[in-house]
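Novice: This is the structure I have questions about; it appears just below.
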Amino acid sequence: MQGKLQKRRGFTLIELIISMSLMVITSGILASIIAINFDILEEVSERKKLVTRGMLAVNLFQREFGMLTDSTNISYANSQQFKFNDKYGNTWEYKVTSSNFTRQEVGAGSAQTLASPVINADTKFKYYDGSNTELTSFPLSATNLKLVRLVKLVLVMDDGANGVSLMSIVYPENMKIYNH
């Protein structure tokens, strides 16, 4: 009878300490994995917000530049600044300044920041004529301004690493260039 009692004794103190230590170690590993995943999730969320802001800026530029009726309505163009009049007579100025991409309706208030932070050196406007030849002598001369048929906006959002590049290629629909 005494042999049966010894088999039912339970766990020793050392066994309990070892099992609790293993549980603590396992919990610590799981907690660090969860913390890393939350950090990754936060980085992905911030990058998504950055891209969304950039896409909104690009879409606004596409919409407004699409309302250009004639290339003679372009008043200034270089790699960091673009100014034009739309079909309603509004003058729009898009500009890359320090780490911002801004838009202003000339004569109607101050500039609005559309996208920030941007990588200034990589964010630029590019201009092309009817044969898709890039116009590169900045600022564009009055003769070259009349030749512009396509504007490419390269907007590079600063994500703290390599940058997120967004691009817009706009053929103003009102210029009816597809029919030539």
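The values are calculated or read from the model by the stated rules, or taken from the named source; none is laboratory data. In this text, all values refer to a predicted model and were calculated from it rather than measured experimentally. Neighbour counts run over all protein chains shown; Cβ positions are idealised from the backbone, glycine included.
For every residue, the table says whether it meets (1) exposed (fewer than 14 other Cβ atoms within 10 Å of the Cβ); (2) under 28 Å from Asp159 (Cα atoms); (3) free of Cβ contacts under 8 Å to residues at least 40 places away in the same chain.
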{"position": "Val24", "(1), (2), (3)": "yes, no, yes"}
{"position": "Ser27", "(1), (2), (3)": "yes, no, yes"}
{"position": "Ser45", "(1), (2), (3)": "yes, yes, yes"}
{"position": "Lys49", "(1), (2), (3)": "yes, yes, yes"}
{"position": "Phe61", "(1), (2), (3)": "no, yes, no"}
{"position": "Leu68", "(1), (2), (3)": "no, no, no"}
{"position": "Thr72", "(1), (2), (3)": "yes, no, no"}
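Novice: Looking at the range 46-58, is at least one residue more than 30 Å from Gln81 (Cβ to Cβ) and either touching a Pro at 6+ places or on another chain (Cβ under 8 Å) or not acidic (Asp, Glu) (or both)? First the steps, then the outcome.
Specialist: We begin by selecting, within the range 46-58, every residue more than 30 Å from Gln81 (Cβ to Cβ); these are none.
No: zero hits.
Novice: Can you work out which of the residues in the range 74-89 that are modelled with pLDDT of 90 or more and not polar (S, T, N, Q) is surrounded by the fewest Cβ atoms within 10 Å (Cβ to Cβ)?
Specialist: Taking the candidates together, the pick is Tyr76.
Novice: Name every residue in the range 79-126 that is of a type in the set (Ser, Thr, Tyr) and touching a Phe, Trp or Tyr at 6+ places or on another chain (Cβ under 8 Å), in order of residue number.
Specialist: Keep residues of the range 79-126 that are of a type in the set (Ser, Thr, Tyr), which gives 79, 88, 91, 94, 97-99, 102, 110, 113, 116, 123.
Listed by number, the residues that qualify are Ser79, Thr91, Tyr94, Thr102, Thr113, Ser116, Thr123.
Novice: Here's a follow-up. Please verify whether Ile34 is over 23 Å from the mean Cα position of the chain (by Cα), under 30 Å from Ala161 (Cα atoms) and modelled with pLDDT of 90 or more, treating the condition exactly as stated.
Specialist: Numbers: over 23 Å from the mean Cα position of the chain (by Cα): yes; under 30 Å from Ala161 (Cα atoms): yes; modelled with pLDDT of 90 or more: yes.
Judged against the criteria, Ile34 is a match.
Novice: I'd like to verify a number: residues in the range 119-164 that are at positive phi and of a type outside the set (Gly, Ala, Ser), how many?
Specialist: So the answer is 1.
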